[in-house]
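Comments concern the structure below.
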Amino acid sequence: SSGCNLHVLLSAVTLAFHHLLSPFCSPALVFLFSLLPPVKFTVTPLCCPSRSSILTGRYPHNHEVRNNSLTGNCSSALWQKGPEAEAFPIYLSKQKYQTFFAGKYLNQYGKKEVGDVAHVPPGWDQWHALVGNSQYYNYTLSVNGKAEKHGDSYEKDYLTDLIVNRSLRFLDDRSPQHPFFLMLSPPAPHSPWMAAPQYQKMFSDVQAPRDGSFNKLGKDKHWLLRQPVNPMPNSSINFLDDAYRKRWQTLLSVDDMVEMLVKKLDSMKELDNTYIFYTSDNGYHTGQFSLPIDKRQLYEFDIRIPLMVRGPGIKPNQTLQAPVLNIDLAPTILDISGVNLSTVNVDGQSFLAQMAPSLRNGTARPFFLVEYTGEGHPTTDPACPKLGPGLSQCFPDCVCEDAYNNTYACVRTLDSKNNLQYCEFADSESFVEVYNLTSDPHQLENIVKKVDPTILQAMNQRLIKLQSCVGDSCRNID
């Protein structure tokens, strides 16, 4: 073929698996490269804004998707008219890539007020997108703009399996004259945690890890972290352990998906011309700081995500030390495909040079932005009448994981000398959290009152610059 193939897998923890055809491919040069979770970050720890960052290569303040709601611009008309019309699939299409998407897209996708299932984002040749949030059965797909309803038959409807089966069909039907790109976004391991029948009894004795900040008091942290009961009641611990097991069970079908795709590429003699990316849209916590289950928080367990890549020019068993962000996926994919990145409006940077130094020269980024806009309900949750309005995700045991004023911005510094995080909240306390992750990797102690004020001032100024950065200025802040 004329180039390298790209394949991205996105699951409910947004697993991205890209199959790329790129001009840098050289025959028989495919090795494994692994980026372990400690160096890959999301710039916002929630599904829709994170996925929007993956698609555009931009921070949330530039693509303006703030949370999972329509009012937060998740798959809104504003998103469709602006950032979505400039997302990386459009550039791949111009490069003559054959493009395929299947699975969860954005949480509000397919809503009637924003185009219904007829809306197919530009740049995709084959479109099999889930309407709404993650489901395994009883869902609707937009198949190239037409509604396709599914029931509860494992053989016909189990979404993870359906995604891989349709991707294999796409590979069979593609033109061998052009490169291809697949983005697969299975629901696993997102709730409602419905494993395939053959995996429903697996991991029966597994518990969520008890180390680090598990079941610790959220001392000296913003108010949302100070409200959970500590130690957690047994009902919360049993709930999170059950969720942890079920998440693992659902991922066994994702393991099957990866195996089937790799074998298919090998049988097509395309594996040596293919880049495969496997990643996620956000982290997750199960009991950290006595929060039972969710994401949305500024801490490492919610902002660190896995990334594994294999492809031409990548040496085996590497672990990159410089931080890689989810906003770097789009420019990396476009870099591999041969797009001139100076013509693309992105905040991230290609990490092709880090993966394959023989192909590119790159520069490390010593610090970056993490930002999130909290979600809440205007009325009190009937199940938790004592809590009042403005909160959300209050389960189990009325422990709330989010609120309107769980809105923050952080500057994360990670290089050979510093491993720091500085965060400011937009709340009535103007709360600030600071962590030295070299001495305190689990962020148990907020050291804001112990840090030299000149350092705090410098971090504040750096954060201000990052919050207003656009494009090149996001990559070149002193």
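The values are calculated or read from the model by the stated rules, or taken from the named source; none is laboratory data. Only a predicted model underlies this, so the values are computations on that prediction, with no experimental measurement involved. Heads up, the Cβs are rebuilt from the backbone with ideal geometry, glycines too, and the neighbour counts pull from every protein chain shown. The area values use the complete protein model at the heavy-atom level, side chains included, leaving out ligands, DNA and RNA. Shrake-Rupley method; radii C 1.70, N 1.55, O 1.52, S 1.80 Å.
Looking only at segment 245-279, residues that are open to solvent by less than 10 Å² (accessible area, probe 1.4 Å) and either polar (S, T, N, Q) or in a helix (DSSP H, G or I) (or both) come to 8 in all. Would you confirm whether or not segment 281-296 contains a residue that is polar (S, T, N, Q), modelled with pLDDT of 90 or more and in a helix (DSSP H, G or I)? No, that holds for no residue. Counting only helices (runs of 4 or more DSSP H) wholly contained in segment 30-109, the ones carrying 3 or more residues that are modelled with pLDDT of 95 or more, farther than 30 Å from His178 by Cβ and not hydroxyl-bearing (Ser, Thr, Tyr) occupy 47-56, 60-63. Restricting the first member to segment 245-261 and to residues that are over 11 Å from Thr160 (Cβ atoms), and the second to residues that are among the aliphatic types (A, V, I, L, M) and not in a helix (DSSP H, G or I), the beta-carbon pairs closer than 6 Å and six or more apart or on different chains are Arg245/Val206; Gln249/Ala195; Gln249/Met202. Ser236: out of contact with any Phe, Trp or Tyr (no Cβ under 8 Å at 6 or more places or on another chain), open to solvent by less than 10 Å² (accessible area, probe 1.4 Å) and of a type in the set (S, T, N, Q), yes or no? For Ser236, the condition - out of contact with any Phe, Trp or Tyr (no Cβ under 8 Å at 6 or more places or on another chain), open to solvent by less than 10 Å² (accessible area, probe 1.4 Å) and of a type in the set (S, T, N, Q) - is met.
Please pick out the residue among Asp242, Asp220, Asp205 that is without any contact (Cβ under 8 Å) to a residue 12 or more places away in the chain, in a loop (DSSP other than H, G, I, E, B) and not aromatic (Phe, Trp, Tyr).
Working: Asp242 fails: in a loop (DSSP other than H, G, I, E, B); Asp220 fails: without any contact (Cβ under 8 Å) to a residue 12 or more places away in the chain.
Unique residue meeting the criteria: Asp205.
Looking for something open to solvent by 10 Å² or more (accessible area, probe 1.4 Å), free of Cβ contacts under 8 Å to residues at least 60 places away in the same chain and farther than 27 Å from Gln393 by Cα - is there at least one such residue anywhere in segment 54-65? No - not one qualifying residue is present in segment 54-65. Restricting the first member to segment 160-182 and to residues that are closer than 28 Å to Asn138 by Cβ, and the second to residues that are open to solvent by less than 10 Å² (accessible area, probe 1.4 Å) and small (Gly, Ala, Ser), the beta-carbon pairs closer than 7 Å and six or more apart or on different chains are Thr160/Ala188; Thr160/Ser253; Asp161/Ser253; Ile163/Ala102; Ile163/Gly103; Arg166/Ala102; Ser167/Ala102; Leu182/Ser167.
Evaluate the following for Asn282: is it open to solvent by less than 40 Å² (accessible area, probe 1.4 Å), touching a strand residue (DSSP E or B) at 6+ places or on another chain (Cβ under 6 Å) and not hydroxyl-bearing (Ser, Thr, Tyr)?
Working: open to solvent by less than 40 Å² (accessible area, probe 1.4 Å): yes; touching a strand residue (DSSP E or B) at 6+ places or on another chain (Cβ under 6 Å): no; not hydroxyl-bearing (Ser, Thr, Tyr): yes.
When the stated conditions are applied, Asn282 does not pass them.
Of the residues Ala353, Ala364, the single one that is without any contact (Cβ under 8 Å) to a residue 60 or more places away in the chain, within 30 Å of Pro312 (Cα to Cα) and either touching a Cys at 6+ places or on another chain (Cβ under 8 Å) or part of a loop (DSSP other than H, G, I, E, B) (or both) is Ala364. Quick one: is Gly376 touching a Pro at 6+ places or on another chain (Cβ under 9 Å) and in a loop (DSSP other than H, G, I, E, B)? It is true that Gly376 is touching a Pro at 6+ places or on another chain (Cβ under 9 Å) and in a loop (DSSP other than H, G, I, E, B).
Are any residues in segment 91-123 of a type in the set (Phe, Trp, Tyr) and open to solvent by 20 Å² or more (accessible area, probe 1.4 Å), and if so, which ones?
So in segment 91-123, the residues of a type in the set (Phe, Trp, Tyr) come out as 91, 97, 100-101, 105, 109.
Residue satisfying the conditions is Tyr91 alone.
Pull up segment 422-438, narrow it to residues that are touching a strand residue (DSSP E or B) at 6+ places or on another chain (Cβ under 9 Å) and surrounded by fewer than 16 Cβ atoms within 10 Å (Cβ to Cβ), then point me to the one that is farthest from Cys410 (Cα to Cα). Working first, answer last.
Going through segment 422-438, the residues touching a strand residue (DSSP E or B) at 6+ places or on another chain (Cβ under 9 Å) turn out to be 422-427, 430-438.
Right, trim to surrounded by fewer than 16 Cβ atoms within 10 Å (Cβ to Cβ) and you get 426, 430, 438.
Numbers: Ala426: 11, Ser430: 13, Thr438: 17 Å.
Result: Thr438.
Of all the residues that make up segment 450-478, how many are open to solvent by less than 70 Å² (accessible area, probe 1.4 Å), over 24 Å from Thr56 (Cα atoms) and hydrophobic (A, V, I, L, M, F, W, C)?
Residues of segment 450-478 open to solvent by less than 70 Å² (accessible area, probe 1.4 Å): 451, 456, 458-460, 462-463, 466, 469, 471, 473-474, 477.
Now narrow it down to the ones that are over 24 Å from Thr56 (Cα atoms): 451, 456, 458-460.
Now drop any that are not hydrophobic (A, V, I, L, M, F, W, C), which leaves 451, 456, 458-459.
Residues in segment 450-478 being open to solvent by less than 70 Å² (accessible area, probe 1.4 Å), over 24 Å from Thr56 (Cα atoms) and hydrophobic (A, V, I, L, M, F, W, C): 4 in total.
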